[in-house]
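A short worksheet on the structure shown next.
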Amino acid sequence: NTRFKQGDKVFGYVDLIRGLKTHQEYLTIDEDYLALMPSNLNFEQAAALPLGALTTLVALQDLGQVNKGTEVLINGASGGLGVYAIQVAKIFGARVTAVAGPNQEEFLSSLGADKIINYQENNIKDLSEKFDILLDLTTNLKFQEIKNILAKNGKFIPTDPFKNIMDILSNIFSNKKTQLLYVGQGNYEKLTQIAHWVEEGKLNTYIDSCFTFSNYENAFQRLGTKGKRGRVIIRIGKD
């Protein structure tokens, strides 16, 4: 038995380690890594969802156990992960402080951020507030640098766990912890939840820019620039 039938529109997230990747027209993929595409999105919009929404859902729900009133700081809030992290945190009822570069205030407010910090004007490490969750989507922060702004049982969740592996090992017995975030493949149940949120209007997808496959070098160049708003998409087979 299978969850899907021929002709179903699906979206998902390939295994990062094994199997085929997505820079091609056709591939086979485990059905557990897929879900039915939100009915109100096209393929390009749906392609912008899995990596950002799934990664931040795992970070905030599974690791952070975010709920109503949780104080969450999101570093790198305007990028391809951040735009989903803000929305997912707000769905769970958290209070969100978003950190990004200049000229992002209006955009981040529209996503639901309660407070916005321009990192060029304010150093995160000098903030007086205490946060239950600090989600670092930039891979720039270290636990020792930010532990003073974590609440008593606060959690630091970096997207590059290997950069912080010694912190993960060293604070096993501390109230404040660095969490190991790794999302290696899709998850049917979580992707289905994401699709429902999109269809209910609770979660929006954001595309920063879209490139044809023949223009992939410019796509990766854009991926490495600061100030993006959402995901960078490569359109396969439509040059």
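Which of the residues spanning the stretch 111-131 are within 22 Å of the chain's Cα centre (by Cα), assigned to a loop (DSSP other than H, G, I, E, B) and among the hydrophobic types (A, V, I, L, M, F, W, C)? Across the stretch 111-131, the qualifying residue is only 113.
The criterion of at least 2 residues that are within 18 Å of residue 195 (Cα to Cα) and not basic (Lys, Arg) is met, among strands (runs of 3 or more DSSP E) falling completely within the stretch 1-75, by 10-12, 34-36. Just one of (1) more than 19 Å from the chain's Cα centre (by Cα); (2) within 21 Å of residue 113 (Cβ to Cβ); (3) of a type in the set (Asp, Glu) fails for residue 71. It is (1).
Can residue 98 be described as under 24 Å from residue 223 (Cα atoms) and either hydroxyl-bearing (Ser, Thr, Tyr) or at pLDDT below 95 (or both)?
Here the answer is no, as residue 98 does not meet what is asked.
All conditions but one from (1) at pLDDT below 90; (2) of a type in the set (Gly, Ala, Ser); (3) surrounded by 18 or more Cβ atoms within 10 Å (Cβ to Cβ) apply to residue 19; the one that does not is (3).
Determine whether residue 27 is surrounded by fewer than 13 Cβ atoms within 10 Å (Cβ to Cβ) and aliphatic (A, V, I, L, M). It is true that residue 27 is surrounded by fewer than 13 Cβ atoms within 10 Å (Cβ to Cβ) and aliphatic (A, V, I, L, M). Among the residues of the stretch 89-103, is any in a loop (DSSP other than H, G, I, E, B), among the polar types (S, T, N, Q) and on the phi < 0 side of the Ramachandran plot? So far as the stretch 89-103 goes, no, none of its residues is in a loop (DSSP other than H, G, I, E, B), among the polar types (S, T, N, Q) and on the phi < 0 side of the Ramachandran plot. Within the stretch 190-225, the set of residues being touching a residue at least 12 places away in the same chain (Cβ under 8 Å) and among the small types (Gly, Ala, Ser) comprises 195, 209, 214, 219.
Can residue 127 be described as buried (at least 24 other Cβ atoms within 10 Å of the Cβ) and modelled with pLDDT under 95?
Judged against the criteria, residue 127 is not a match.
Out of 96, 83, one residue alone is aliphatic (A, V, I, L, M), out of contact with any Asp or Glu (no Cβ under 7 Å at 6 or more places or on another chain), within 25 Å of residue 62 (Cα to Cα) and crowded, with 23+ Cβ neighbours inside 10 Å. It is 83.
From the list 141, 134, the lone residue that is touching a residue at least 24 places away in the same chain (Cβ under 8 Å), more than 22 Å from residue 49 (Cβ to Cβ), out of contact with any Ser or Thr (no Cβ under 7 Å at 6 or more places or on another chain) and part of a loop (DSSP other than H, G, I, E, B) is 141.
The values are calculated or read from the model by the stated rules, or taken from the named source; none is laboratory data. The structure displayed is predicted, hence computed values, not measured ones. Positions of Cβ are backbone-derived with ideal geometry, glycine not excepted, and every protein chain shown enters the neighbour counts.
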